[in-house]
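Heads up: the structure comes next, in structure tokens.
The values are calculated or read from the model by the stated rules, or taken from the named source; none is laboratory data. In this text the structure is predicted, and so the values were computed from the model without any measurement. Here the Cβ positions follow ideal geometry from the backbone for every residue, glycine too, while neighbour counts run over all protein chains shown. When the accessible area is computed, the model is the full protein with side chains, heavy atoms only, and any ligands, DNA or RNA have been set aside. Shrake-Rupley method; radii C 1.70, N 1.55, O 1.52, S 1.80 Å.
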Amino acid sequence: MLDYIEHPDLDMYFADAMTPGETLSQSTAKVLLQKSPHHAWAQHPRYGGHPRKVSVSMKLGSIIDELLTNDGRRLMVIAHDDYRKADAKAARDAAIGVGLIPVKQNEYADMQDMAERARKNLLFHGVDLEPSKKQVCILWDELASNGNKVQCKALIDFLYPGLIRDLKATESCAPGRQLDAKCIRFGYPIQAAAYLSALEHVYPDDAGRIRFENVWIEDDWPHEVLISEMSGEALQYGRVMWQRAVDIWEECTRTNRWPGYQQRGSAPYRVELPSWASEEMFNALDEEGTDGTSE
């Protein structure tokens, strides 16, 4: 299976209805690895069908993503400032029910301002989003380590010749250890590896020469931006973890077994004392004296 689709039906994409069988995406792979196969099964639209709860940052990211990649066509402005009243809740649920993203009227102008400011900040750094192809869907087969095929899907925000750019809205994108840790914690190297693999299947002659960048946009004024890319080591980590996810997914779908954190009948998880807690304990003992009495 190999398909390259510009302007896909996003409702079908997110419902995993574009292929005969279930597909593995980078977001499912991250749940699979960071939580458990059972969590991945629960959230997958073809299995449990219970998507994870949408946080404030996730909602903000989806709105900005929609404004910058799709000109806001999937947004529905709700004529309410909150969802406490029944009619406001009904309007919100109706929008979601037809595949739209609800936005409260008191937030919409701020979201538009954020998107426009981000465009200007990106242009200042020489990044123009307009020439790119936006929201490109790729369907392809990965090979598990046992040789079996695994159907996969990806939705690329911005695609240029030889370059993938993915949008991230965040509270802070200040370069440094915190950003590095955030990338690993949210599995962004895995996403990079999956998307690069997808495009390399479409353009095999370009394998190894395609680049992946994250476009970070801060959610507070002045909506500073940052362009980042994975180091060689970070990308290798992503490739290893993506392959691991492919292998686990293949086994789970083949056997229809979706283990959680613990196997039935296994011994209780053993909680180990972190090094910082050990140090705290020994410092306390030193202060009290070796016989446990105050000096």
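Check every DSSP H run in the chain and write down those whose alpha carbon atoms cover 18 angstrom or more along the long axis and whose mean Kyte-Doolittle hydropathy is -1.0 or greater.
56-70, 188-202, 232-255, 275-288
Once you charge only the Cβ atoms, +1 for Lys and Arg and -1 for Asp and Glu, what is the size of the charge dipole of segment 111-224 about its Cα centre, to the nearest 20 debye?
Details: 14 positive and 18 negative charges, 42 e Å.
My answer is approximately 200 debye.
Atom-type composition of the exposed protein surface of the chain places 52 percent of the accessible area on carbon and sulfur (1.4 angstrom probe).
For segment 160-295, the share of alpha carbon pairs falling in successive 10 Å distance bins from zero is 10, 24, 23, 20, 14, 7, 2, 0 percent.
If each DSSP helix of 4+ residues adds -39,500 (n - 2.57) and the sum is divided by the residues in the chain, what number results at 222 nm, nearest 500 deg cm²/dmol? Don't skip to the end; give the middle numbers.
Values: 10 runs with 130 residues, N = 295.
Rounded to the nearest 500, it is -14000 deg cm²/dmol.
Projected onto its three principal axes, the C-alpha set of the chain covers 72, 50, 45 Å, listed from the longest axis down. In this rough spin-label picture, where each label sits 7 Å from Cα along the Cβ direction, the Glu251-Leu273 distance is 3.4 nm. Three principal axis extents describe the C-alpha atoms of segment 1-96; from largest down they are 43, 31, 22 Å.
Kindly work out what percent of the DSSP beta bridges joining two residues of segment 128-285 are antiparallel, to the nearest 5.
That works out to approximately 70 percent antiparallel.
Where both bridge residues fall in the chain, DSSP classifies roughly 65% of the beta bridges as antiparallel.
Say R0 is 51 Å: what FRET efficiency, to the nearest 0.05, do Ala17 and Asn283 get from their beta-carbon distance? If you can, show how the numbers build up before the last one.
Working: r = 58 Å, r/R0 = 1.14.
Using R0 = 51 Å, I get an efficiency of 0.30.
To the nearest µm²/s, what D does Stokes-Einstein give for segment 2-161 at 20 °C and 1.002 mPa s, using the Kirkwood radius over alpha carbon pairs as Rh? Each step should come with its number before you reach the end.
Working: Rh = 17.8 Å.
Stokes-Einstein gives a translational diffusion coefficient of 121 µm²/s.
Quote the Stokes-Einstein diffusion coefficient, in whole µm² s⁻¹, for segment 198-275, based on the Kirkwood radius over alpha carbon pairs, a temperature of 37 °C and a viscosity of 0.692 mPa s.
Working: Rh = 17.4 Å.
Estimated diffusion coefficient is 189 µm²/s.
The per residue volume of the convex hull around the alpha-carbon atoms of segment 141-201 is 112 Å³. A simple spin-label model places the labels of Asp82 and Leu163 4.4 nm from each other, with each point 7 Å out along Cα-to-Cβ. With a Cα cut-off of under 15 Å and a minimum spacing of 8 residues unless on different chains, the lysine pairs in the chain number 9. Between Glu6 and Ile227, the simple spin-label model (points 7 angstrom out along Cα→Cβ) gives 2.2 nm.
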